[in-house]
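Asker: I am attaching a structure below and will ask some questions about it afterwards.
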Amino acid sequence: MRRAATIFVIVIVLGASFAALSYYWFSPTEKFAPPREVTIEKGESFHQIARALADAGVVRSELALRLYGRMSLTASQIKPGDYAFKGGERIPDVMRHLVKGDFIVVTITIPEGLTVHEIAERVAATGLVCEDEFENAARDGEIVRALGLMPLGAEGYLFPATYKFSPHAKTNDVLVAMLARFYQILTPQVEQRMFEVGLDARRLVTMASIVEKEAKAPSERPLIAGVFYNRLRLNMPLQSDPTAEYQLDGAKESAASAVHTTSAFNTYDFTGLPPGPIANPGIKSIEAALNPTQTDFLYFVARDGGTHVFSKSYDAHRHVIALERKEPAGKPPLPGK
């Protein structure tokens, strides 16, 4: 009888334990309003993670979560990040989020050809950082100084891409991510090609930025680069409208007016490249600057649809302008491309 009673007690205890464990594992918590945020740092132990989730009320039991993580072999698969839990979930649901990495991210897409000023506006629009703070850091901050990017700062080096940041990211986190993506493309092969073409990093991004702003049809990028290299070789002004339009503070001026405005970047006023980039170019424009088309063209003019007509002589260029703009052939156009 005593043995039977002992077995009965054991069965009752095991049954109660299983019922309690099942409750903790499979019974959802209440819903939260607003969601409860839990940050999981890289290198945290599963014990620490379980405690943080239990303290936040995301799971009903730290012990139950630890047991589930070990038994399901998912405890070592958790990804660090900032998580937001709405409640109403079971332990398996919570673990699924942690393993998939469903953390909160702020996504920022930087298109090709934006300036530092425009990137600062776009980053600030997400609410992640202050516009002025980001622009000041990109122009004259400790990071750009450490990288030797002065006096013009990070213009040209903020690589266009889609970025995902923690909602707690700081200005320097965003800046470092964009700069790091740029420096990743400077592989030994790229550096060898830069040496062959006679470019350093600043001259590369400067040429690429001009190509980026001039080329509307992607296929024309290498040809446009070839035209500009020809002009540099012949000591001709580049006469690129986007260089005349560029202003550090982001102010806008029409090309027709800008080409007559003296500035350090207006390539109607001098020969050679401007002192630095006029935008942040994408990989295709960088590749075009590294591998320009070998051509005899010295001029190009835009036509409807975004493509250009290329010419080898100024007389041919004038003729094309007259046709494209419906101007009398005898009327001299603006000099240059």
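The values are calculated or read from the model by the stated rules, or taken from the named source; none is laboratory data. No experiment lies behind these values; they were computed from the predicted model shown. When we count neighbours, we look across all protein chains shown, and the Cβ atoms used for this are built from the backbone with ideal geometry, even at glycine. Protein only, heavy atoms only, side chains kept; ligands, DNA and RNA dropped before computing areas. Shrake-Rupley method; radii C 1.70, N 1.55, O 1.52, S 1.80 Å.
Asker: Once fully extended, how much extra length lies between Ala316 and Glu121, figured as 0.36 nm per residue of separation less the alpha-carbon to alpha-carbon distance?
Answerer: Taking 0.36 nm per residue and subtracting the Cα distance, the gain is 66.0 nm.
Asker: Label Leu323 and Val176 with points 7 Å out from Cα along Cα→Cβ: what is the distance between them in nm?
Answerer: Here the modelled spin labels are 5.6 nm apart.
Asker: Now for a different question. What ratio of Cα Rg to 2.2 N^0.38 Å holds for the range 192-247?
Answerer: 1.13
Asker: On to the next question. Leaving out ligands and nucleic acids, note down the accessible area per residue over the range 100-163 with a 1.4 angstrom probe, in whole Å².
Answerer: Value returned for the range 100-163: 44 Å² of accessible area per residue.
Asker: Work out from phi, with θ = phi - 60° and the Karplus expression 6.51 cos²θ - 1.76 cosθ + 1.60, the ³J(HN,Hα) of each residue of the range 90-104, listed in order in whole Hz, and give x for Gly and Pro.
Answerer: Calculated HN-Hα couplings, in order: 8, 4, x, 5, 4, 5, 4, 4, 5, 6, 6, x, 7, 7, 6 Hz.
Asker: Kindly express, to the nearest 10 degrees and within the range 0 to 90, the angle between helix 201-214's C-alpha long axis and the longest C-alpha principal axis of the chain.
Answerer: 80
Asker: While we're on this one: Plugging the Kirkwood radius over Cα pairs into Stokes-Einstein for the range 34-87, at a temperature of 20 °C and a viscosity of 1.002 mPa s, what D comes out in µm²/s?
Answerer: For these conditions, the coefficient is 190 µm²/s.
Asker: What nm value, rounded to one decimal, do you get for the distance between Thr187 and Ala56 when each label is placed 7 Å out toward the C-beta?
Answerer: Result: 3.9 nm between the two label points.
Asker: Still on this model: If you average 1/r over every pair of different alpha-carbon atoms in the range 84-168 and take one over that average, what Kirkwood value in Å do you get?
Answerer: 15.0
Asker: Accessible surface of Val174 in the full protein assembly, 1.4 angstrom probe, to the nearest 10 Å²?
Answerer: For Val174, the solvent-accessible surface is approximately 0 Å².
Asker: Fully extended, how many nm does the chain gain between Gln247 and Ser45 (0.36 nm per residue separation, minus their Cα-Cα distance)?
Answerer: Fully extending the segment from Gln247 to Ser45 adds 67.7 nm.
Asker: Go ahead and run the numbers for FRET between Lys31 and Thr162, Cβ-Cβ distance against an R0 of 30 Å, rounding to 0.05.
Answerer: According to the calculation, E is roughly 0.40.
Asker: Can you give me the % of accessible surface on the chain that is carbon or sulfur? Probe 1.4 Å, all protein chains present, nothing else counted. Could the numbers behind the result be given before it?
Answerer: On the way: 9840 of 17490 Å².
The C+S portion of the solvent-accessible surface of the chain is 56 percent.
Asker: Show me the three semi-axes of the equivalent ellipsoid for the range 135-193, from the C-alpha gyration tensor (sqrt of 5 times each eigenvalue), largest first, rounded to whole Å.
Answerer: Over the Cα atoms of the range 135-193, the ellipsoid semi-axes are 21, 16, 8 Å.
Asker: Do any GluC sites (Glu not before Pro) in the range 20-112 lie in a DSSP loop with no more than 16 other beta carbon atoms within 10 Å, and if so, which?
Answerer: Working: sites: Glu30, Glu37, Glu41, Glu44, Glu62, Glu89, Glu112; in loops: Glu30, Glu41, Glu44, Glu89, Glu112.
Those that pass, being in a loop and sparsely packed, are Glu30, Glu41, Glu44.
Asker: I'm checking a number: the convex hull volume of the Cα atoms of the range 183-337, normalised per residue, in Å³. What is it? Mind showing how you got there, number by number?
Answerer: Numbers: hull volume 17.6 nm³, N = 155.
Hull volume over Cα atoms, normalised by residue count, gives 113 Å³.
Asker: Can you give the extra length, in nm with one decimal, that the chain gains between Arg96 and Ser219 once fully stretched, where that is 0.36 nm per residue apart less the Cα-Cα distance?
Answerer: 39.8 nm
Asker: Along its principal axes, what span do the Cα atoms of the chain show, with the longest given first and each in whole Å?
Answerer: 119, 41, 36
Asker: Further question: Taking 8 Å as the Cα distance limit and 6 or more residues as the minimum spacing, I'd like the relative contact order of the chain as a percentage.
Answerer: So the answer I get is 14 percent.
Asker: Please report, in debye to the nearest 20, how large the charge dipole of the chain is about its Cα centre when each Lys and Arg carries +1 at its beta carbon and each Asp and Glu carries -1 there.
Answerer: Charge dipole of the chain: 1400 debye, to the nearest 20.
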